[in-house]
1. Considering only protein heavy atoms and a probe of 1.4 Å, how much of the accessible area of the chain is carbon and sulfur, as a whole percent?
2. What residue among Ala136, Ala53, Ala125 has the largest mean-square fluctuation in a Gaussian network model of the chain, using Cα springs under 10 Å?
3. Note down the relative contact order for the chain as a percent, whole number, built from C-alpha pairs under 8 angstrom at least six residues apart.
4. Can you list residues whose amide H is under 5 Å from Thr67's amide H, if they're 5+ apart or on another chain and H is modeled 1.01 Å from N?
5. Given the whole protein assembly as supplied and a 1.4 Å probe, what does the accessible area of Glu90 come to in Å², nearest 10?
6. Counting heavy atoms of the protein chains only and a 1.4 Å probe, report the per residue accessible area for the chain as a whole number of Å².
7. Working out 0.36 nm times the residue gap between Val114 and Arg150, then minus their Cα-Cα distance, what length gain in nm do you get to one decimal?
8. Picking from Leu66, Leu133, Leu21, which is most flexible by a Gaussian network model of the chain using Cα springs under 10 Å?
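The values are calculated or read from the model by the stated rules, or taken from the named source; none is laboratory data. These figures come from a predicted structure and were not determined experimentally. Each accessible area value is taken on the protein alone, full model and side chains, heavy atoms only, with ligands, DNA and RNA left out. Shrake-Rupley method; radii C 1.70, N 1.55, O 1.52, S 1.80 Å.
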Amino acid sequence: MFTSDEQAVVEPNSDLVAMALAVIGFVIFISVMAHTYQVYQEKTYIAQHYDDAASLAGLLRNDPLLTAPDRPDLIDAFRVESMGAGDISELKDRYGTRYDFSFKVEAPPTYSKVVGTSEDLGVSASIPVTIRLNEAEEMPGTLTVKLWER
């Protein structure tokens, strides 16, 4: 079936296509592995620091700068709206020892307020709260805290 023919012609460029395909495959493999590792690192960071964000949200829910004076279980929208730079820095000095943070108080569809500025990457946690919009109206809402390393 097979014959031994010693008179074949060898082309020097025939191996270049196979070598190029092997190199392209290797580059794609390395890039996929690098992306997978980066996503793993981000997910690990989120998993490690989610509890920190949730506990900070619990502390902010009961903070006197945000709550109504007569009812410490209500977040007062008027107090949140009237917070100045000094109040925000006081909160960050009190709670932001290792992390920098911002938070959002929201009672859809009528009220939403973000306090502070945040980085693009961070860890967020939300907890349910009751928000006093005015003296006659209270609504269920959420307090979302986003934190990131300094």
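1. Accessible surface attributable to carbon and sulfur in the chain totals 59 percent.
2. Ala136
3. It comes to 23 percent, rounded to a whole number.
4. Asp76
5. 80
6. Result: 69 Å² per residue.
7. That works out to 11.0 nm of additional length.
8. Leu21
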